[in-house]
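Quick notes on the structure that follows.
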Amino acid sequence: QVQLEESGGGSVQAGGSLTLSCAASGGAYSIDVMAWYRQPPGGRRELVASMKRMGPTRYGDFVKGRFTVSRYNPDNTLTLQMNNLQDDDTALYFCYVRTYSRGDFWGRGTQVTVSS
């Protein structure tokens with residue numbers, strides 16, 4: 001069982017920045033993909049950014065160069081630096097991992113609220 005601990009959510013004014021962090025433990029050596037997803041109020045869950053252990057990084061189309069994801073494999077941590085946040089970035093942000101043989105796991109989510 002992989003446990004995910006998310007941190008860094010909060011409230012910020014439009015144009016501001018936040019950094020989200022996700023730390024994976026409990027069999028974290030088996031992780032292939034680490035990612036951030038988000039779910040806005042009344043909306044569907046969507047990909048923000050993902051990184052394979054040894055592979056490409058993907059971003060959601062809405063990111064448009066504003067966010068940067070980074071991963072530190074020895075600690076299995078994933079960090080999302082979000083700049084120039086806008087109202088429609090308001091959402092519950094979830095950490096997600098896909099393991100090689102143990103399935104997928106989701107964090108509980110951390111709230112990001114952007115106000116103008």
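What the table shows:
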{"quantity": "Residue satisfying condition, being closer than 20 Å to V2 by Cα, surrounded by fewer than 21 Cβ atoms within 10 Å (Cβ to Cβ) and without any contact (Cβ under 8 Å) to a residue 24 or more places away in the chain, within set Y59, Y72, Y96", "calculated": "Y72"}
{"quantity": "Hits in segment 99-110 (condition: exposed (fewer than 14 other Cβ atoms within 10 Å of the Cβ) and on the phi > 0 side of the Ramachandran plot)", "calculated": "G103"}
{"quantity": "Residue under evaluation R38, criteria (1) closer than 19 Å to D104 by Cα; (2) assigned to a loop (DSSP other than H, G, I, E, B); (3) touching an Asp or Glu at 6+ places or on another chain (Cβ under 9 Å), criterion not met", "calculated": "(2)"}
{"quantity": "Hits in segment 24-44 (condition: surrounded by 14 or more Cβ atoms within 10 Å (Cβ to Cβ), at pLDDT 95 or above and not small (G, A, S))", "calculated": "V33, M34, W36, Y37, R38, Q39, P40"}
{"quantity": "Residue satisfying condition, being in a strand (DSSP E or B), out of contact with any Lys or Arg (no Cβ under 9 Å at 6 or more places or on another chain) and at pLDDT 95 or above, within set S21, S50", "calculated": "S21"}
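The values are calculated or read from the model by the stated rules, or taken from the named source; none is laboratory data. Keep in mind that this is a model prediction, so the values were computed, not measured. In this analysis, Cβ positions are derived from the backbone assuming ideal geometry, glycine residues included, and neighbour counts consider all displayed protein chains.
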